[in-house]
1. If you go through the stretch 146-179 one residue at a time, how many are part of a helix (DSSP H, G or I) and out of contact with any helix residue (DSSP H, G or I) (no Cβ under 9 Å at 6 or more places or on another chain)?
2. Would you be able to tell me the number of residues in the stretch 122-145 that are within 16 Å of the chain's Cα centre (by Cα) and in a helix (DSSP H, G or I)?
3. Give the residue that is nearest to R155 (Cα to Cα), with candidates limited to residues of the stretch 165-179 that are hydrophobic (A, V, I, L, M, F, W, C), open to solvent by less than 10 Å² (accessible area, probe 1.4 Å) and touching a Leu at 6+ places or on another chain (Cβ under 9 Å).
4. Checking I107 against (1) buried (at least 19 other Cβ atoms within 10 Å of the Cβ); (2) closer than 17 Å to S178 by Cβ; (3) under 11 Å from the mean Cα position of the chain (by Cα); (4) not hydroxyl-bearing (S, T, Y), only one condition comes out false. Which one?
5. Suppose we keep only residues that are acidic (D, E) and at pLDDT 75 or above within the stretch 1-30. Which one would you say is nearest to T84 (Cα to Cα)?
6. From the list G146, G138, pick out the single residue that is within 24 Å of V56 (Cβ to Cβ), surrounded by fewer than 17 Cβ atoms within 10 Å (Cβ to Cβ) and not β-branched (V, I, T).
7. Looking for something under 21 Å from F144 (Cβ atoms), modelled with pLDDT under 95, assigned to a helix (DSSP H, G or I) and open to solvent by 100 Å² or more (accessible area, probe 1.4 Å) - is there at least one such residue anywhere in the stretch 31-44?
8. Residue pairs, Cβ under 6 Å, 6 or more apart or interchain, first in the stretch 151-177 and at negative phi, second open to solvent by 50 Å² or more (accessible area, probe 1.4 Å) and part of a strand (DSSP E or B). List them.
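The values are calculated or read from the model by the stated rules, or taken from the named source; none is laboratory data. Only a predicted model underlies this, so the values are computations on that prediction, with no experimental measurement involved. Here the Cβ is made from the backbone with ideal geometry for all residues, glycine too, and neighbour counts use every protein chain on show. To get the accessible areas, we keep the full protein, side chains included, count just its heavy atoms, and leave off ligands, DNA and RNA. Shrake-Rupley method; radii C 1.70, N 1.55, O 1.52, S 1.80 Å.
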Amino acid sequence: MEYKDMFKRYLEESYDSYSKINTLVTTDNKRSLKEIYLPLTLCDNQKFKGSNKIVVDGMPNTFKIKGKKILIVDKAGMGKSTLTKRIFLDVYEKKEFMPVYIELRRITDTLPLTFQIAKLMDIRQRDIRDMLDEFQKGYTIFFFDGFDELQLGIREKVRSKLQDFISQFEDNIFIMTSR
């Protein structure tokens, strides 16, 4: 199987996985995320009292700037992961960018981040170069979900790996969530 086929399979499986969620009411029955999602409002922290607010019901146009780095911060259980999964679904459907969703709690401090991302996407080691070439083109949106869920002992090392990764592929869009 070639890299493009593996990446397509990753996208399809991720889309299927993120498009259905359990709720507190229906824990035994998954519901469509798009059917039950209520748009959340993001505020620019520096202008919180101002009018710089974005209602998110998909990929906001203001996020579609190459090299854009967005950090979404809120308390536990406020919908950060659900919000990013909703954006992922929209990006996948519109096909303007390639979405890559990484749950940071699955990242360790032992291996290079690119290998770990390839492993999470089920990309073979021999195809990592193809994956990195795609990332260099600047049409990928990386979702790094749950920075706060990293173990405290490895958080600083992973933060450093994330900074290096973002610097290496700076023409892409990066969305990270944390508490």
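1. Number of matching residues: 9.
2. The number of residues fulfilling the criteria is 1.
3. My answer is F165.
4. So the condition that I107 fails would be (3).
5. Of everything passing the filter in the stretch 1-30, D16 is nearest to T84 (Cα to Cα).
6. Result of the check over G146, G138: G138.
7. No, every residue in the stretch 31-44 fails to be under 21 Å from F144 (Cβ atoms), modelled with pLDDT under 95, assigned to a helix (DSSP H, G or I) and open to solvent by 100 Å² or more (accessible area, probe 1.4 Å).
8. F174/K69; M176/L71
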